[in-house]
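In what follows, a single structure is set out as structure tokens and then discussed.
The values are calculated or read from the model by the stated rules, or taken from the named source; none is laboratory data. Please read these numbers as outputs of a predicted model, since none were measured by experiment. Positions of Cβ are backbone-derived with ideal geometry, glycine not excepted, and every protein chain shown enters the neighbour counts. Accessible surface areas use protein heavy atoms only, side chains included; no ligands, DNA or RNA. Shrake-Rupley method; radii C 1.70, N 1.55, O 1.52, S 1.80 Å.
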Amino acid sequence: MADGATVRAPRVDDASRFRLLIVEDSPSDAMLLRAELEEGPLAGAALEHASTLDAALTRLAAGRYDAVLTDLGLPDSDGFATFDAIVAAAGDAAVVVLTGRDDEELADEAVVHGAQDYLVKGHRRPGDLARAVRYSVRRQQLLTELRLARDDQLAEKDNFLSHVSHELRCPLAVVHQFASLLGDGIAGELNAEQLDLLSVLIRNVDQLKAMIDDLLLANRAGRDTVAIDPDVVDAAQLLADTAAAFGPTAAERGVRLDHDAGPLPLVIADSKRVREILTNLVENALKFTPRAGRVTIAAAAEEGFLRFEVRDTGCGIDAEALPRVFERFYQAEQSDSISRNGLGLGLFVCRDLVRRQGGELTATSAVGAGTTMSFTLPLAVEALTRVGP
């Protein structure tokens, strides 16, 4: 088999090649299920049995199955904890719940959790079980094929974005270089009006470069190829460096920029990635904060983590839009018509970078009252204690 080839399940009309796993702790119920499945359309299928969750997970880890028929009550697990563990280990296998409880709400919840069907023991006519399994396998096959097709489309789109982004970087770098040379007077002195126009050009080139960088990083995040190099990091120094870097910008915009200058505990993180996160959050805060407003960068320890916060007194985000601000390409409409000069990737990328370092990024906001973006990173002492010497 060529590398990267996909192993597909047998079609439903080829039941003799089916491999089914029955997860049932009652020997008598297991025998009845086996006898029922060995007759009719599933005759010839390979049937295996596990009486505990641990045994089922061992079998699922060792090979591929087309369907798993499981009770929810096992000696070592009960309820949807059993089901969720089996679904997580079953891969593309269809999972059918077998239970003694005739409960519509439980059946609905099983489907929400990923079950292809829900069957009540003793309430079946001859042949019902085999038909349910065949249809469940077919439905799972269709879902798998749709997922693979979607993944192929996403991969093609990501390849296109990656290629275009890389191709744009080179000419953009040339434009920036020659604009900088003109600004430095290499090709002759420029008057004040020309320098103003050139500064606008360079600022927009920088903005375009930031968009391309976001596209590349979002593409790598989608492919799970973002590199994280964790180390012990001085959080106080990161805050001070960020405040110093944005001081001139804040002053130019008439916004007060404060930062927590007190001592802070060390964290386990990739300092380069944390700087990227803080940079993006502070840029957003400054962009949406009016003159005479304030942006604050702070951090405080909580159980096992250090929580970073970037607070602003800007226009705020509508309650309906707030849950979507971390979606890829999403941009909230701002009531004060502030220019939307990004791609809506910054917060998506930030959340991905935070999660890869063991934390979480959240937002709170109210229209007219400002926004607080906060993210957590594990404390160095806590992380080292968990790992041990």
Completion exercise
Across (1) over 27 Å from the mean Cα position of the chain (by Cα); (2) surrounded by 16 or more Cβ atoms within 10 Å (Cβ to Cβ); (3) within 21 Å of residue 112 (Cα to Cα), residue 50 clears everything bar (3)
Problem - Members of the range 358-384 that are within 25 Å of residue 294 (Cβ to Cβ), of a type in the set (A, V, I, L, M) and either open to solvent by less than 10 Å² (accessible area, probe 1.4 Å) or at pLDDT 90 or above (or both) - result: 361, 363, 373, 377
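Here is a yes/no grid of residues against (1) surrounded by fewer than 20 Cβ atoms within 10 Å (Cβ to Cβ); (2) at pLDDT 90 or above; (3) at negative phi; (4) not in a strand (DSSP E or B):
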site: 272; (1), (2), (3), (4): yes, no, yes, yes
site: 278; (1), (2), (3), (4): no, yes, yes, yes
site: 301; (1), (2), (3), (4): yes, yes, yes, no
site: 334; (1), (2), (3), (4): yes, no, yes, yes
site: 343; (1), (2), (3), (4): yes, no, yes, yes
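Please state which one of 190, 181 is over 22 Å from residue 249 (Cα atoms), open to solvent by less than 80 Å² (accessible area, probe 1.4 Å), at pLDDT 85 or above and not in a helix (DSSP H, G or I). Reasoning before the result, please.
Details: 181 fails: not in a helix (DSSP H, G or I).
Among 190, 181, only 190 is over 22 Å from residue 249 (Cα atoms), open to solvent by less than 80 Å² (accessible area, probe 1.4 Å), at pLDDT 85 or above and not in a helix (DSSP H, G or I).
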Problem - Pairs where the first residue, in the range 203-214, is under 14 Å from residue 283 (Cα atoms) and the second is open to solvent by 70 Å² or more (accessible area, probe 1.4 Å) and in a helix (DSSP H, G or I), C-beta under 9 Å, 6+ apart - result: 210/283
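Looking at the structure I just gave you, is residue 307 surrounded by 14 or more Cβ atoms within 10 Å (Cβ to Cβ), charged (D, E, K, R) and more than 19 Å from residue 346 (Cα to Cα)? Break it down into steps so the answer makes sense when it comes.
Numbers: surrounded by 14 or more Cβ atoms within 10 Å (Cβ to Cβ): yes; charged (D, E, K, R): yes; more than 19 Å from residue 346 (Cα to Cα): yes.
Against the criterion (surrounded by 14 or more Cβ atoms within 10 Å (Cβ to Cβ), charged (D, E, K, R) and more than 19 Å from residue 346 (Cα to Cα)), residue 307 qualifies.
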Practice task
Identify the residue in the range 53-90 that is among the acidic types (Asp, Glu) and not in a helix (DSSP H, G or I) and, among all such residues, is most open to solvent (accessible area, probe 1.4 Å).
Solution key: 78
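Can you give me the number of residues within the range 286-299 that are out of contact with any Phe, Trp or Tyr (no Cβ under 9 Å at 6 or more places or on another chain) and not in a strand (DSSP E or B)?
Here is the first cut: in the range 286-299, the residues out of contact with any Phe, Trp or Tyr (no Cβ under 9 Å at 6 or more places or on another chain) are 287-294, 296.
Still in the list and also not in a strand (DSSP E or B): 287-293.
Adding up the residues that qualify gives 7.
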Fill in the blank from the handout: Note on residue 106: of the conditions (1) surrounded by 15 or more Cβ atoms within 10 Å (Cβ to Cβ); (2) at pLDDT 75 or above; (3) assigned to a helix (DSSP H, G or I), unmet is (2)
Exercise for the section: Looking only at the range 207-252, count how many residues are open to solvent by 70 Å² or more (accessible area, probe 1.4 Å), of a type in the set (S, T, N, Q) and modelled with pLDDT of 75 or more. Expected result: 1
Exercise for the section: Would you tally the residues in the range 314-329 being open to solvent by 70 Å² or more (accessible area, probe 1.4 Å) and in contact with a Lys or Arg (Cβ under 7 Å, 6 or more places away or on another chain)? Expected result: 0
Exercise for the section: Show the residue pairs that are 6+ apart or on different chains and have beta-carbon atoms under 9 Å apart, the first residue being within the range 68-87 and over 10 Å from residue 99 (Cα atoms), the second being polar (S, T, N, Q) and part of a loop (DSSP other than H, G, I, E, B). Expected result: 74/51; 74/52; 75/51; 75/52; 76/52; 77/52
Handout entry: Leading residue by the ranking (modelled with the lowest pLDDT) among those in the range 1-37 that are assigned to a loop (DSSP other than H, G, I, E, B), open to solvent by 50 Å² or more (accessible area, probe 1.4 Å) and farther than 23 Å from residue 62 by Cβ
Key = 2
